[in-house]
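Peer 1: One structure, as structure tokens, below. Some questions next.
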Amino acid sequence: MADPKGEGGAQTPEEFAREELRGRREAAGLTQEGLGERIFTTGSYVGQMENGVWVVLHESVLRTAVGGSAVMAAQLRHISSYVRAHRITAQVVPFSAGAHGAPGSMMTIMQFADAPDVAYTEGPHAGQLLDYPALVQRHWKTYDLARAAALSPEASLTLIESVAEEYAACTQT
């Protein structure tokens with residue numbers, strides 16, 4: 001699974017998801033009930049992944065305060081708990097990496113034991129499932145470029161936890 005911008009629901013606790021989806025809900029015509037359904041559904045994905053989830057996030061995702069400092073501290077601690085439990089692998093593309101292969105994109109690449117790979121791209125109003133092999137390969141290349149620009153998983157975890165502590169310190173002042 002690839003998510004270079006880091007907007008996927010696999011790592012999203014409810015409070016963060018509500019804030020992140022607030023603006024989208026109106027644009028997409030999503031009701032409060034639909035929002036709750038999406039939060040419940042996306043929150044269960046990681047537990048169902050047998051082969052793991054590999055997430056690539058840009059540092060801007062960590063440093064954009066969605067819902068305020070307390071919500072962000074909780075969100076980043078939630079992500080780090082998944083990493084520490086080996087439920088996901090997370091890499092962060094730092095600001096210092098400059099431009100990379102997947103700026104501003106949201107994509108998921110899924111591999112199956114008994115079917116060809118597929119890619120899913122998502123925008124603010126619609127998503128698209130891609131199963132054409134040449135397009136899926138292009139998405140793999142984009143994902144590989146983003147991973148190459150990213151910090152190691154260990155350094156990424158350190159950064160995620162450091163930013164979480166920065167947010168936590170803001171809530172205590």
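Peer 1: I'd like the FRET efficiency for D117 and S152, computed as 1/(1 + (r/R0)^6) with the beta carbon distance as r and R0 of 25 Å, rounded to 0.05.
Peer 2: Result of the calculation: an efficiency of 0.50.
Peer 1: Among V66, V93, V61, rank each residue by its count of other Cβ atoms within 10 Å, from fewest to most, as a rough exposure measure.
Peer 2: Ascending Cβ contact count within 10 Å gives the list V66, V61, V93.
Peer 1: A further question on this structure: How big is segment 51-171 along each principal axis, measuring the range of its Cα positions in Å and listing the largest first?
Peer 2: Between the extreme Cα coordinates on each principal axis of segment 51-171 lie 47, 28, 27 Å.
Peer 1: So if we plug the beta-carbon distance of A85 and Y132 into 1/(1 + (r/R0)^6) with R0 = 45 Å, what FRET efficiency do we get, rounded to 0.05?
Peer 2: My answer for the efficiency is 0.80.
Peer 1: Calculate one ³J(HN,Hα) per residue across segment 64-77 by plugging θ = phi - 60° into the Karplus curve 6.51 cos²θ - 1.76 cosθ + 1.60, and present them in order as whole Hz with x for glycine and proline.
Peer 2: Each residue's phi maps through the Karplus curve to give 8, 6, 8, x, x, 4, 5, 5, 5, 4, 5, 4, 5, 5 Hz.
Peer 1: Also, quick follow-up: How far apart, in nm, are two points set 7 Å out from the Cα along the Cα-to-Cβ line at A65 and at A168?
Peer 2: 1.8 nm
Peer 1: Would you mind ranking S80, S162, S60, S96 so that the residue whose beta carbon has the fewest other beta carbons within 10 Å leads the list?
Peer 2: Ascending number of Cβ neighbours within 10 Å: S96, S162, S60, S80.
Each reported figure results from applying straightforward, stated rules to the coordinates on display, with no laboratory input. Small disclaimer: the values here were computed from a predicted structure and weren't measured. Quick reminder, even Gly has a Cβ in these numbers, built from the backbone with ideal geometry, and neighbours come from all protein chains shown.
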